[in-house]
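The values are calculated or read from the model by the stated rules, or taken from the named source; none is laboratory data. Note that this is a predicted model, so its numbers are computed, not measured. Don't worry about glycine lacking a Cβ; one is built from the backbone with ideal geometry, like all the others, and counts go over all protein chains shown. Surface accessibility is based on the protein's heavy atoms, side chains included, excluding ligands, DNA and RNA. Shrake-Rupley method; radii C 1.70, N 1.55, O 1.52, S 1.80 Å.
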Amino acid sequence: MRAAPFDFFFQSTALSTFFILCSLATNEIPTISGAPAGKIVQPPKPNILKQGCPSDLLHSRALRSIQLACRTHPATVISAFEGVQEGLQNCANRLRFQQWDCSEAGNIMHDPPLLRQGFRESSLIWALSSASAAWGVATACAQGWIDDCACNNQMGQNEYEFGGCTHGVQHGITASRKLLTKVGAVNTLLRKVEKHNLKAGRLAIKKTLISSCKCHGVSGSCQQKTCWKRTATLEHITDYLVEKYARAKLYTDDSVVKTTDLIYLEASPDVCKAKSVAGRVCAWRNETHTQGDCDRLCCGNGFSIRHEVVRVKCDCEFVWCCNLVCKDCIQHRWISTCNGTPPKSLIF
Amino acid sequence: MMHSLGIILLFIPLATGSIFDQAVKGKCIPIDIELCKDLPYNYTYFPNTILHNDQHTLQTHTEHFKPLMKTKCHPHIHFFICSVFAPMCPIGMPQAVTSCKSVCEQVKADCFSILEEFGIGWPEPLNCAQFPDPPELCMKPTEDEITGGFSAPRLPTKGSSSSSSKPTGCPSDLVDVDPHDPKSHCAFACQSNVMFSTDNKRMVRSWSIWFAAANAGVALFSFLTFAIDRKRFRFPERCVFYLSLCIFISSLPYLTPLFIDAPIRSCHALGNGRSYLSIGTFDNSYCLASFLLNYFFSTAAALWWLMFSFTLYLSGGRKWVPEGIEACSSYVHFVAWGLSSLATIIVLIFNKVDASELTALCSVGNLNSIALLWFVIVPRTICIVIGTCFIVGGFASMCRERISFRTRGTDTSKLEKLMVKMGFFCALFILPNVIELVCQCYKFMILTQWTRMTIDCKQQSGACHRPTPPQAEIYMTAVISSLATGFSCLMWVLSAKTVHAWKNFIFCGMCSSAPVKNPIEPSTRPLLEPPTAPPPQPPVYMQMATNPQNSWRPSKVV
């Protein structure tokens, strides 16, 4: 059972890599057979969405709603799962130089151990998973990858031409709520906190919506204007939730909390005792910027600094027409890594 | 070694994992918008970050701009619009590279008037505020393409073919008056900034309005003062009467910016919707009226000043009496009005009326250096030189008279006062004219260079590279100097007599004018006509003073 997540991960990785290679080869062809004449080239539906749910989602025991949705709407479940994976990666990037960095949180659809506790870190994972699932379904809906999306059901192509895909956002939020909310008669404090944080994640999607408008008329005049809402980038949503995570509140029975705030039940464990920090990148510096605090992150074990020289292109200028002329610049970087014995889990 | 290999194996799959990379991450894709497939570049950046639109709507959105593209109001309108909806994506460094802000400003300057005719504002996606400026990465045609290039049927696909193509017409910012005539003019586009910037125009127009208003006011006041008190002013002072009239009327065109827009009063429209500054055409009646008022009456003003100097010479140098000069006033009028009419008719016959880019007013010599030389500089110079000679001669005679009077012990204060007034009047008239002539010579020099590179561009074999822009301050000095001659008329009307004259005119009119007139004449007459009796014969002088009838006889004898 322990190897199951890695197997699925390798399968999706291999399939995605193969898919990317096919897409790159396809994009080189000036015209694509079957594409509508005059239409913009659109990324086709990923193969992973056509195959149905993998076995770990199909037989999930923690979230029974996922089992049911896999039989009726597999593309939606897979989009949500991939969205959660994307969100966890963004979280790891965002908290790269903090002690806890989202790296071993695990996907919410696999019922990881972290989500059985009421830590502050659990609140972020709940909210981020909920938001990422909604974002993933909304993005797949906007791309036309989900057949049961509201755009295709109601207006067909007309919806795309005049109003964009406004319903994708609501569809994503609805899918996230139905997929990730546990059902059952158990009514514990932990379950209450979980529901609150899941809702906070969905509200984060709503709070960060972007309004897009388009003008119609002769020569683009605004004789008629059409506006719709769409989701922000997942990086922006992750930043929003990380700010909420920094201001999360301890929940007690008599506390009053907003629906957009994150709440937790117990203090966080000491990261220095929970796992080894050996081999972690604790700081990063170039000639103009510095990030990270190694003394705090390495738990006092010390760190080593590696100097890197990177060639980058800079001072690019446009030459008519149409070339970019850039200079070759040398950029110095100093990467600090924590000392200590590397953990065994990194060895395959 | 094993550890680093393990780390690499672990991280590589993470970088290629997500199905959303193609939908969210930017990359270069072939341009698939039908209108933009003939661009010099083939790849565009996706998703389009400028408009925040999904790919479904880009094609439809671009169709809205098809009518604007077809107008070809700017040589790069097609390229500019496509750079918004399909920005260039350099292979190897995926990013959106769109047009520079300066390109947007130029396209907007040329194309906004067409949209305005249909009641459409400038489109939101083409708002110039959102375009980058260097050193940010942006696309901009080279200087030859924008300022000195030529309108090609389509954008060139190769840089070498573009640079080696021969010039076949006018530059892009000039208007070909007759595309079929290889020697026709390349006129300045209406409201374009070929020689002067917008700030230069605004500065000159505001200053000229103020000076024209002051000049016209002073001249009108002088004219009315002369009109209500005609008998007080005789030749040569009466020439100033007509001079102030001419100065007043020639100042009126400079006030038209207050209520007539520049394109209406200075531009000529072609059939294809483009308009240019008038050059040799009479279709614009405002332009023609402006030229007639300005050129005819400014020429007449110069001639009336010449007549003033001539009559001053007759009076002061040749001892003519006012009655004698008035007997020949018809010849004076004939010369002043006749010569200015002749000059105006010649300008009209030769089609030398043109509009100034700086002031948006029609006159002579604004865009033609030869016309400026022969119809403005040479006639003015002749008037100033001859008039100055006459004035010097007249003043020399009056100085000799003054010296001879002083030796006899006669009071010469009134003669000196008259000489001072005449001196100030002549200085206040000559000095602005000399300044204006110097500035006109500068204009002639500038026009000689610019005409060959702009208006006569089609007759040049090579590319028309423009000289350094002219100094707008010198042009403004010429305009202001021409509007400063009215102040010289004040020398004749700033006196207590003027106050009395206006009082009588406003309150009583005819009743009290007679009593005031009588005491003035005897007091001024002896100074103008001094007696020539020899000092050794005092008894004869005493006898004449006692008899009023005898005082008239010696003047007749003289």
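Give region A:263-290 a look and list any residue that's open to solvent by less than 70 Å² (accessible area, probe 1.4 Å) and under 20 Å from A:S304 (Cβ atoms), or say none.
Answer for region A:263-290, where residues must be open to solvent by less than 70 Å² (accessible area, probe 1.4 Å) and under 20 Å from A:S304 (Cβ atoms): A:C272, A:K275, A:S276, A:V277, A:A278, A:G279, A:R280, A:V281, A:C282, A:A283, A:W284, A:N286.
Taking only pairs six or more apart or across chains, which ones have beta-carbon atoms under 9 Å, a first residue in region B:413-441 that is over 30 Å from B:W374 (Cβ atoms) and touching a residue at least 24 places away in the same chain (Cβ under 8 Å), and a second residue that is assigned to a helix (DSSP H, G or I) and basic (K, R)?
B:L415/B:R402; B:M419/B:R402
With the structure loaded, tell me whether B:I386 is of a type in the set (A, V, I, L, M, F, W, C) and open to solvent by 20 Å² or more (accessible area, probe 1.4 Å) or whether it fails that test.
Details: of a type in the set (A, V, I, L, M, F, W, C): yes; open to solvent by 20 Å² or more (accessible area, probe 1.4 Å): yes.
In short, yes.
Could you tell me whether any residue of region A:293-310 is modelled with pLDDT under 85, within 14 Å of chain B (Cβ to nearest Cβ), open to solvent by 80 Å² or more (accessible area, probe 1.4 Å) and over 32 Å from the mean Cα position of the chain (by Cα)?
no
Being within 31 Å of the chain's Cα centre (by Cα), surrounded by fewer than 16 Cβ atoms within 10 Å (Cβ to Cβ) and closer than 21 Å to B:F297 by Cβ narrows it down to one of B:L431, B:L483, so name that one.
Just one listed residue meets the conditions, B:L431.
Is there a residue in region B:15-29 that is open to solvent by 10 Å² or more (accessible area, probe 1.4 Å), modelled with pLDDT under 60, more than 9 Å from every other protein chain (Cβ to nearest Cβ) and more than 24 Å from B:G121 (Cα to Cα)?
Yes, the conditions are met somewhere in region B:15-29.
Does region A:226-234 contain at least one residue that is open to solvent by less than 60 Å² (accessible area, probe 1.4 Å), among the aromatic types (F, W, Y), under 27 Å from the mean Cα position of the chain (by Cα) and within 14 Å of another protein chain (Cβ to nearest Cβ)?
Yes, that holds for at least one residue.
Please verify whether region B:104-113 includes one or more residues that are within 9 Å of another protein chain (Cβ to nearest Cβ) and open to solvent by 40 Å² or more (accessible area, probe 1.4 Å).
no
When B:L58 is evaluated against the numbered criteria (1) surrounded by 20 or more Cβ atoms within 10 Å (Cβ to Cβ); (2) of a type in the set (A, V, I, L, M); (3) at pLDDT 75 or above, which criterion, by number, is the only one it fails?
Condition not satisfied by B:L58: (3).
Having 2 or more residues that are open to solvent by 40 Å² or more (accessible area, probe 1.4 Å) is the bar; report the helices (runs of 4 or more DSSP H) wholly within region B:244-356 that clear it.
Answer list for region B:244-356: B:262-266, B:285-291, B:322-327, B:329-349.
Looking at (1) outside any helix (DSSP H, G or I); (2) in contact (Cβ under 8 Å) with a residue 24 or more places away in the chain, which is the one condition that is false for B:T468?
B:T468 satisfies all of (1) outside any helix (DSSP H, G or I); (2) in contact (Cβ under 8 Å) with a residue 24 or more places away in the chain except (2).
This table checks each residue for (1) within 29 Å of A:W126 (Cβ to Cβ); (2) of a type in the set (A, V, I, L, M).
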position	(1), (2)
A:V257	yes, yes
A:D261	yes, no
A:Y264	yes, no
A:A274	yes, yes
A:V281	yes, yes
A:R285	no, no
A:C294	no, no
A:L297	yes, yes
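Those residues that are more than 12 Å from A:G87 (Cβ to Cβ) and within 11 Å of chain B (Cβ to nearest Cβ), I need them from region A:108-136; list them, please.
Once the filter is applied, which keeps residues that are more than 12 Å from A:G87 (Cβ to Cβ) and within 11 Å of chain B (Cβ to nearest Cβ), region A:108-136 yields nothing.
Criterion first (open to solvent by 10 Å² or more (accessible area, probe 1.4 Å), under 38 Å from the mean Cα position of the chain (by Cα) and within 16 Å of B:N127 (Cα to Cα)) does B:K101 satisfy it? So that I can check it myself, show each step before the final result.
Values: open to solvent by 10 Å² or more (accessible area, probe 1.4 Å): yes; under 38 Å from the mean Cα position of the chain (by Cα): yes; within 16 Å of B:N127 (Cα to Cα): yes.
Yes: the conditions hold for B:K101.
Among the residues of region A:138-156, is any of a type in the set (A, V, I, L, M, F, W, C) and closer than 30 Å to A:C282 by Cα?
No: zero hits.
Report yes if A:E243 is farther than 30 Å from B:C100 by Cα and assigned by the TED database to the domain that holds A:A131, otherwise no.
Yes: the conditions hold for A:E243.
State the number of residues belonging to region A:235-260 that are at pLDDT 90 or above and open to solvent by 20 Å² or more (accessible area, probe 1.4 Å).
5
Here is a list: A:T17, A:T31, A:T13. Which entry is open to solvent by 30 Å² or more (accessible area, probe 1.4 Å), modelled with pLDDT under 85, of a type in the set (S, T, Y) and in a helix (DSSP H, G or I)? Reasoning before the result, please.
Numbers: A:T31 fails: in a helix (DSSP H, G or I); A:T13 fails: open to solvent by 30 Å² or more (accessible area, probe 1.4 Å).
Going through A:T17, A:T31, A:T13 in turn, the sole match is A:T17.
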